[in-house]
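Peer 1: Okay, here's the structure, questions in a sec.
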Amino acid sequence: MRACRIGVPLWVVAAIVATGCSSSPGVRRSVAHNTSTTSNAPGAAGLRLLAERRGLLLGTAVNDDALQREVDYRDTLATQFSMVEPENVMKWDAIHPAPDRFDFTAGDRLVAFAREHDMAVRGHTLVWKNANPEWLERGRFTRAQAITLLRDHIYEVVGHYRGEIAQWDVVNEALDDAGHYADNPWLRAIGPDYVPMAFRFAHDADPHAELYYNDYDIGYPGRKAAAILALVTALKHGGTPIDGIGMQFHLIPPAVDLRRIAEQMRTFADLGLSYAITEFDVPLKLPATGSEQQMQADLAGGVLRTCLAAPNCRTFNLWGFTDRHSWVPQHLAGYGAATPMDMHLRPKPAWQALRSELTA
Ligand code: XIL
């Protein structure tokens with residue numbers, strides 16, 4: 001049986017081809033949105049309450065358009081989740097569109113929503129090879145200029161949200177699939193030291209935020225997982241203020257060995273690091289059959305169960321909770337139905353699986 005994990009399919013095409021999964025832009029389907037209050041609300045005790053009883057932060061990436069326009073989306077968000085994470089609006093191109101201009105409008109909207117509904121916020125992300133504005137990507141900076149730029153960005157953004165953001169993805173996907181440093185403006189101008197520097201700047205700007213290194217393909221054995229382990233071990237031993245590892249978990253069934261995931265969680269626990277599941281979704285080949293939906297449910301339940309049993313896994317975030325707003329159809333041709341709720345916010349088997357793990 002084929003197992004394939006996607007991280008950022010369009011720009012890791014080689015990895016996807018190597019594992020036999022296709023990748024090309026798909027057409028986002030448009031659907032009629034239900035803008036009434038949640039008629040399909042999945043049960044009286046929302047997942048949020050169940051998760052709180054288990055000491056788990058249960059979160060999701062949030063689509064900014066839906067947050068502004070869709071009442072049922074907002075209602076479900078507030079009743080079913082205890083953490084929100086911006087899908088795109090805190091990335092460099094959105095929040096720092098010009099060298100001398102920051103735009104906090106959309107990020108502030110999400111943080112205000114979280115405050116209003118007593119939810120935690122996970123910030124995403126301060127350093128990434130993608131979603132950088134042209135001026136940064138094409139700019140030519142000396143090492144000193146790049147360090148100043150990185151520092152000023154992190155001070156400005158983390159400082160703006162100081163006290164409001166519980167966890168930050170400080171560095172996202174620094175390594176490529178082979179475990180080498182991936183090209184980005186920071187590697188080019190500063191070298192690998194940009195990683196500990198970014199953590200240091202973020203800690204200076206908000207000493208109480210938990211700081212994470214976030215990536216895909218690090219929950220299982222392999223070259224990348226080994227390289228990440230070496231990297232975070234060195235960071236820890238060097239005194240870098242890193243609190244945890246974020247594991248993205250974009251999984252294509254039948255995928256993973258839960259024992260190996262549990263083993264990795266323990267390895268990071270031994271280093272004194274939290275382990276957060278940060279971007280859980282399970283893309284299915286379309287049209288998704290009932291048995292594929294069941295496989296998706298088994299994966300969701302299995303990964304959540306593994307997290308709940310681990311000593312250091314207290315955050316479980318979905319990369320979108322409804323198929324109405326999911327990055328998958330746009331980024332992985334022929335795939336979709338990746339989230340636990342359908343287009344009309346009706347719970348799918350994966351939702352029931354999450355619920356039964358939380359009540360187990
Ligand atoms: C994705 C968003 O979901 C898309 O809307 C956007 O077009 C590209 O980025 N890993 C990450 C996320 O860390 O930031 C990516 O989000 C998905 C893969």
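Peer 1: Based on the Cβ-Cβ distance from residue 204 to residue 289, what FRET efficiency comes out when R0 is 35 Å, to the nearest 0.05?
Peer 2: Details: r = 51 Å, r/R0 = 1.46.
So the FRET efficiency works out to roughly 0.10.
Peer 1: Residue by residue through the range 107-116, what is 3J(HN,Hα) from phi via Karplus (6.51 cos²θ - 1.76 cosθ + 1.60, θ = phi - 60°)? Round to whole Hz and write x for glycine and proline.
Peer 2: Once rounded to whole Hz, the list reads x, 5, 4, 5, 5, 5, 4, 4, 5, 4.
Peer 1: What nm distance separates the two modelled labels at residue 230 and residue 183, each placed 7 Å from Cα along Cα→Cβ?
Peer 2: Taking the simple label geometry, residue 230 and residue 183 are separated by 2.2 nm.
Peer 1: At a 1.4 Å probe, what is the % contribution of carbon and sulfur to the accessible area of the range 196-313?
Peer 2: Details: 2200 of 4160 Å².
Carbon and sulfur together cover 53 percent of it.
Peer 1: Once both labels are modelled 7 Å past Cα along the beta-carbon direction, what's the residue 237-residue 65 spacing in nm?
Peer 2: A separation of 4.8 nm, rounded to one decimal place.
Peer 1: Only bridges with both residues in the chain count here: give the DSSP antiparallel percent, nearest 5. Let's see the in-between values first.
Peer 2: On the way: 7 of 39 bridges.
Beta bridges within the chain, antiparallel portion: roughly 20 percent.
Peer 1: What does the accessible area per residue of the range 108-211 come to in Å², with a 1.4 Å probe and no ligands, DNA or RNA counted?
Peer 2: On the way: 4360 Å² over 104 residues.
Using a 1.4 Å probe on heavy atoms only, each residue of the range 108-211 averages 42 Å².
Peer 1: Over the range 212-360, calculate the relative contact order: mean separation of alpha carbon pairs under 8 Å at least 6 apart, over the residue count, as a percent. Kindly include the intermediate steps, with their values, before the conclusion.
Peer 2: On the way: 256 pairs, mean separation 32.8, N = 149.
Over the range 212-360, the number comes to 22 percent.
Peer 1: Given the options 201, 316, 102, which has the most mean-square fluctuation in a GNM of the chain, springs set between C-alpha atoms less than 10 angstrom apart?
Peer 2: Looking only at 201, 316, 102, the biggest GNM fluctuation is shown by 102.
Peer 1: Which one, 167, 272, 201, projects farthest toward the positive side of the charge dipole computed for the range 10-359 from Cβ point charges (K/R +1, D/E -1)?
Peer 2: Of the options given, the answer is 272.
Peer 1: Could you tell me the relative contact order of the chain? Use alpha-carbon pairs under 8 Å, at least six residues apart, and round to a whole percent. Could the numbers behind the result be given before it?
Peer 2: Details: 691 pairs, mean separation 73.0, N = 360.
About 20 percent, as a whole number.
Peer 1: Within the range 121-154, report the trypsin sites (Lys or Arg not before Pro) that DSSP leaves as loop and that have at most 10 other Cβ atoms within 10 Å. Please list the in-between numbers first.
Peer 2: Working: sites: 122, 129, 138, 140, 143, 151; in loops: 129, 140.
The qualifying sites are 140.
Peer 1: Count of lysine pairs in the chain with Cα atoms under 30 Å apart, counting only pairs 8 or more residues apart in sequence or on different chains?
Peer 2: Qualifying lysine pairs in the chain: 10.
Peer 1: Figure the gain on full extension for residue 257 and residue 155 (residue separation times 0.36 nm, minus the Cα-Cα span) and round it to one decimal in nm. Present the calculation step by step, with values, prior to reporting the outcome.
Peer 2: Details: separation 102, 0.36 × 102 = 36.72 nm, distance 3.97 nm.
Length gained, residue 257 through residue 155: 32.8 nm.
Peer 1: Which value at 222 nm does the chain reach when only helices count, each DSSP H run of 4 or more adding -39,500 (n - 2.57), with the total divided by all residues and rounded to the nearest 500 deg cm²/dmol?
Peer 2: Helix contribution divided over all residues of the chain: -12000 deg cm²/dmol.
Peer 1: What is the diffusion coefficient of the chain in µm²/s, taking the Kirkwood radius over Cα pairs and the Stokes-Einstein relation at 20 °C with a viscosity of 1.002 mPa s?
Peer 2: Estimated via Stokes-Einstein, D reaches 105 µm²/s.
Peer 1: Charges only on Cβ, +1 for Lys and Arg, -1 for Asp and Glu: so what's the dipole of the chain about the Cα centre, in debye to the nearest 20?
Peer 2: Values: 35 positive and 41 negative charges, 131 e Å.
The dipole magnitude comes to about 620 debye.
Peer 1: Once all Cα-Cα distances of the range 262-360 are split into 5 Å bins that start at 0, what whole-number percent is in each one?
Peer 2: P(r) over the range 262-360, rounded to whole percents: 3, 14, 22, 23, 16, 12, 8, 3, 0.
Peer 1: Continuing with the same structure: What does the net charge come to around residue 67 if you take all other residues with beta carbon closer than 11 Å to its beta carbon, with K and R at +1 and D and E at -1?
Peer 2: Numbers: positive: 69, 74, 109; negative: 64, 65, 70, 87.
Spelling it out: positives minus negatives among the neighbours equals -1.
The values are calculated or read from the model by the stated rules, or taken from the named source; none is laboratory data. Quick caveat, the model's predicted, so the values are computed rather than measured. Note that we place each Cβ from the backbone using ideal geometry, even for glycine, and neighbour counts take in every protein chain shown. Note: areas computed on protein heavy atoms with side chains; ligands, DNA, RNA excluded. Shrake-Rupley method; radii C 1.70, N 1.55, O 1.52, S 1.80 Å.
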